[in-house]
Amino acid sequence: MTPHNGEALRLVAVRKEYGTVTALDGVSLSLPTGTFTAVMGPSGSGKSTLLHCAAGLDRPTEGRVFVAGTEMTGDDETALTKFRRRRIGFVFQRFNLMPTLTVLQNVLLPRRLAGMPVDKARAVATLRRVGLGDRLNHRPAELSGGQQQRVAIARALVTEPQVVFADEPTGALDTRSAREVLALLRETVRRDGQTIVMVTHDPVAAAHADSVIFLADGRLAGSMLAPSPEAVAERLAHLGDDLRVGV
Amino acid sequence: MMFGLALRSLRHRTGAFAAAFCATFLGGTLVMAFASLLDTAVADGVPATSRETLITMAGVVGGWGLIMVAFSVTSTLSLAVRQRTDEIALLKSAGATPAQIRRMIVGEAAALGLAGTLAAIIPALLGGRLLLDLLIDTGQVAPGVQYAFGPFALTTGAAVTFAGSTFAALLTARRTTRMRVTETLLEAGTRSGRTSRKRVVFGLLFLLLGADLAVVTATVMRGEGSDAMQTAGQTSIWVAVGFALLSPVLLRASARLLAVPLAVAGAAGYLARHNLSGRTQQLSGALMPIILFTGIATGTLYMQRVDDAALAAEGLRASVEQDNIKTLNFVVVGMLVLFAAIMLINTLIATTMDRRGEFARQRLTGATPRQVLTVTGLEAAVLTVVGVVFGTVAALCTIVPFTFARTGDPLPDETPAVYAGVVAVAAVLALATSLATTRRALRTPAVEAVAV
């Protein structure tokens with residue numbers, strides 16, 4: 001029984017205002033389970049706000065958010081945290097690992113905090129899969145940026161979330177590490193049916209996704225299936241033009 | 001160039017330096033207030049006995065104040081420098097030479113010391129006048145003596161706060177800049193750091209000195225009546241300072257011991273345990289004042305009570321000189337304890353605010369605000385327990401030998417209520433400060449705070 005009909009994330013007319021500034025202007029979208037979606041747009045287009053609202057890191061001013069069919073509710077931070085930690089995984093540009101914990105302890109932390117059974121064997125298996133089986137007892141500071149990001153990915157996957165949100169996951173990495181991280185994200189989608197939403201400004205990174213959603217001035221400005229870096233870059237360069245024509 | 005950078009960084013990092021400024025300011029006030037008693041004493045026309053009282057007061061109490069001030073200025077300053085390990089690593093990787101970074105750190109400290117000294121002049125003047133009034137009111141100084149604030153106050157104040165903070169910065173800077181860039185960056189990640197051997201040696205030396213004084217009190221001073229206070233009174237201070245210097249070592253060992261009870265407290269206990277062993281150096285900054293507070297307050301208060309009881313039992317009335325000592329004792333306790341309390345609040349606020357990024361990371365990993373609060377609450381509880389235990393040992397180094405010398409019994413027949421009160425104040429200060437600061441830090445949304 002799948003009450004959400006294979007839908008991992010759904011946004012209904014989500015608006016977000018900061019004071020008099022409208023960061024998101026009524027965005028509606030639906031992402032099927034097991035897809036890898038990139039969100040792109042010029043800076044100030046609202047892509048970070050979209051990610052924060054969709055991931056429960058921020059409350060939309062208006063509109064509704066559903067994760068795997070369950071509406072995100074809760075007025076306070078505690079309720080939101082409890083919603084997030086059972087359904088959503090995060091990968092950030094700056095990794096955000098706990099410096100005093102080892103690699104393995106970092107990966108197990110979300111389960112501990114959520115009061116879920118601490119499944120060490122599974123965490124070790126996940127770390128092996130991201131290629132860090134021999135780094136279990138290292139501290140984050142002893143790893144390269146690419147390795148730290150792979151720890152963060154293992155940590156995001158360990159609670160078996162319905163959606164993983166990645167915010168510029170390759171922004172702090174060199175080209176080679178970036179490629180490895182993107183391949184790893186792709187792989188979790190292809191092999192495990194994981195759903196990933198990635199915000200990026202890099203057309204090469206976006207080209208690893210199944211589809212790209214474009215955002216401009218807080219509104220959806222089109223999408224693209226099976227993106228290539230050139231096509232994405234081309235589209236991005238003309239986002240402004242489309243809008244001007246539309247006015 | 002580096003001094004310009006130093007001033008700019010002071011302006012932008014007001015939070016991190018507020019604690020250091022607070023310490024230099026309060027230290028300056030305290031030291032100058034007592035040193036002004038010397039200015040008052042050397043003025044013409046002051047009766048000989050009044051002069052002697054004033055000089056003793058300034059010497060004994062001011063001397064202890066000096067040690068406390070040097071201690072807190074050094075600890076808050078090195079805290080401020082250590083908190084910026086990553087910034088220093090960045091400067092190094094941008095091409096700053098160790099000498100340039102040293103100049104920047106020392107420049108900041110010098111500016112802080114100068115500002116602290118200047119700001120302290122007026123409060124010190126008022127405080128010194130208040131002290132003189134107190135001495136005149138209790139009949140220990142002749143009524144006609146005029147208050148003076150002059151060269152003694154100014155030079156001592158400047159020497160302690162300005163020179164002290166500059167020297168402290170030099171020491172810390174040397175330690176930081178000796179590391180290679182990669183090491184510095186690595187330390188920025190873990191920030192555990194090791195306790196320097198010099199610190200351990202000094203800590204042990206103070207403990208030895210305290211032990212020696214305890215033996216002297218119990219043997220040489222036996223049957224000397226209230227005079228035993230001369231050696232007994234200092235003992236808890238030396239021992240407490242010794243323990244305070246050793247606090248990172250003590251905390252690391254205690255954290256290992258307390259791992260078992262913390263394991264019961266779920267995920268928050270788990271994180272607290274790892275923080276206590278992984279961030280010992282930072283957290284031990286708050287342990288020092290708890291040890292000093294508990295040790296000095298408990299030791300001195302009970303010593304005075306034991307002496308009062310002994311005098312009453314002997315059917316003697318306290319002489320003027322004994323009254324003097326009593327006032328002195330209470331002023332010492334009041335001052336040192338006040339200073340330790342401020343140092344505790346200061347350190348806790350500085351270290352907690354510095355952890356905003358860490359709290360945000362915990363939250364993004366799935367910790368509820370309550371879980372984050374529980375972590376810091378547990379840490380504060382551990383700090384309190386460890387601090388109170390070692391503070392009590394320090395206090396006993398005064399109480400046991402003194403009681404023995406005065407009455408022949410090892411332990412005083414006194415109410416435990418005073419001790420309970422001291423412990424309660426320490427616990428409330430530590431817990432309330434750290435919970436309130438964490439709650440404040442949690443008000444920033446996690447996604448924003450994580451970028452700090």
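The values are calculated or read from the model by the stated rules, or taken from the named source; none is laboratory data. In this text, all values refer to a predicted model and were calculated from it rather than measured experimentally. Please note: Cβ atoms are built from the backbone with ideal geometry, for glycine as well, and neighbour counts cover all protein chains shown.
Apart from one condition, B:Ala341 fits all of (1) crowded, with 22+ Cβ neighbours inside 10 Å; (2) at pLDDT below 95; (3) more than 14 Å from every other protein chain (Cβ to nearest Cβ); the exception is (1). Checked against the criterion of being in a helix (DSSP H, G or I) and either within 14 Å of chain A (Cβ to nearest Cβ) or at pLDDT below 80 (or both), segment B:189-199 has at least one qualifying residue.
With respect to A:Val163, is the statement that it is modelled with pLDDT of 95 or more and touching a Lys or Arg at 6+ places or on another chain (Cβ under 8 Å) true? So A:Val163 fits the description; yes. Given the condition within 13 Å of chain B (Cβ to nearest Cβ), more than 30 Å from B:Ser277 (Cβ to Cβ) and among the β-branched types (Val, Ile, Thr), answer yes or no: does some residue in segment A:43-52 qualify? Looking through segment A:43-52, at least one residue is within 13 Å of chain B (Cβ to nearest Cβ), more than 30 Å from B:Ser277 (Cβ to Cβ) and among the β-branched types (Val, Ile, Thr).
Does B:Pro410 qualify as being touching a helix residue (DSSP H, G or I) at 6+ places or on another chain (Cβ under 7 Å) and in the same structural domain as B:Ala228 (by TED's automatic domain parsing)? Answer is yes for this residue. Considering every residue within segment B:77-85, establish whether at least one is touching an Asp or Glu at 6+ places or on another chain (Cβ under 6 Å) and either among the polar types (S, T, N, Q) or at positive phi (or both). Scanning segment B:77-85, I find at least one residue that is touching an Asp or Glu at 6+ places or on another chain (Cβ under 6 Å) and either among the polar types (S, T, N, Q) or at positive phi (or both), so the answer is yes.
Within segment B:358-368, identify whether any single residue is free of Cβ contacts under 8 Å to residues at least 12 places away in the same chain, hydroxyl-bearing (Ser, Thr, Tyr) and more than 28 Å from B:Met229 (Cα to Cα), and answer yes or no. Checking segment B:358-368: at least one residue is free of Cβ contacts under 8 Å to residues at least 12 places away in the same chain, hydroxyl-bearing (Ser, Thr, Tyr) and more than 28 Å from B:Met229 (Cα to Cα).
Checking B:Gly408, B:Gly421 one by one, the residue that is away from chain A (no Cβ under 14 Å) and over 27 Å from the mean Cα position of the chain (by Cα) is B:Gly408 and no other. Any chance segment B:254-273 includes a residue that's away from every other protein chain (no Cβ under 14 Å), closer than 25 Å to B:Gly59 by Cβ and not in a helix (DSSP H, G or I)? Within segment B:254-273, none of the residues are away from every other protein chain (no Cβ under 14 Å), closer than 25 Å to B:Gly59 by Cβ and not in a helix (DSSP H, G or I). Quick check on segment B:284-306. Is at least one of its residues within 14 Å of chain A (Cβ to nearest Cβ) and either at pLDDT 90 or above or crowded, with 23+ Cβ neighbours inside 10 Å (or both)? Taking every residue of segment B:284-306 in turn, none turns out to be within 14 Å of chain A (Cβ to nearest Cβ) and either at pLDDT 90 or above or crowded, with 23+ Cβ neighbours inside 10 Å (or both). Scanning segment A:24-44 for residues that are more than 14 Å from the chain's Cα centre (by Cα) and surrounded by fewer than 23 Cβ atoms within 10 Å (Cβ to Cβ) yields a total of 9. Checking every residue in segment B:377-386 against the condition of being more than 22 Å from B:Thr415 (Cα to Cα) and within 14 Å of chain A (Cβ to nearest Cβ) gives at least one match. Being within 15 Å of the chain's Cα centre (by Cα), of a type in the set (Ser, Thr, Tyr) and within 14 Å of another protein chain (Cβ to nearest Cβ) is a condition met by at least one residue of segment A:150-167.
One line per residue, one yes/no per condition, for (1) touching a residue at least 40 places away in the same chain (Cβ under 8 Å); (2) within 14 Å of another protein chain (Cβ to nearest Cβ); (3) under 17 Å from the mean Cα position of the chain (by Cα):
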position	(1), (2), (3)
B:Ala394	yes, no, yes
B:Val400	yes, no, no
B:Leu435	yes, no, no
B:Arg443	no, yes, no
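For residues that are of a type in the set (Val, Ile, Thr) and in contact with a Ser or Thr (Cβ under 9 Å, 6 or more places away or on another chain), scanning just segment B:234-278, find the one that is modelled with the highest pLDDT. The extreme case among them is B:Val239. The listed residues are B:Ala394, B:Ala436, B:Ala417, B:Ala360, and the only one of them that is buried (at least 21 other Cβ atoms within 10 Å of the Cβ), farther than 28 Å from B:Leu208 by Cα and not β-branched (Val, Ile, Thr) turns out to be B:Ala360.
Consider segment A:74-88 and keep the residues that are at the interface with another protein chain (Cβ under 7 Å from one of its Cβ atoms) and out of contact with any Gly (no Cβ under 6 Å at 6 or more places or on another chain). The one that is surrounded by the most Cβ atoms within 10 Å (Cβ to Cβ) is A:Thr81. If you filter segment A:120-134 down to residues that are surrounded by fewer than 20 Cβ atoms within 10 Å (Cβ to Cβ) and in contact (Cβ under 8 Å) with a residue 12 or more places away in the chain, you find that the one that is nearest to the other protein chains (Cβ to nearest Cβ) is A:Lys120. Out of A:Val67, A:Val91, one residue alone is more than 11 Å from every other protein chain (Cβ to nearest Cβ), within 22 Å of A:Gln162 (Cβ to Cβ) and among the aliphatic types (A, V, I, L, M). It is A:Val67. Mind checking which residues of segment B:16-62 are closer than 13 Å to B:Asn324 by Cβ and buried (at least 18 other Cβ atoms within 10 Å of the Cβ)? Result: B:Ser50, B:Thr53, B:Leu54, B:Met57, B:Val60, B:Val61. On the given criteria, is B:Leu213 under 30 Å from A:Thr100 (Cβ atoms) and within 27 Å of the chain's Cα centre (by Cα)? Spelling it out, it is not the case that B:Leu213 is under 30 Å from A:Thr100 (Cβ atoms) and within 27 Å of the chain's Cα centre (by Cα).
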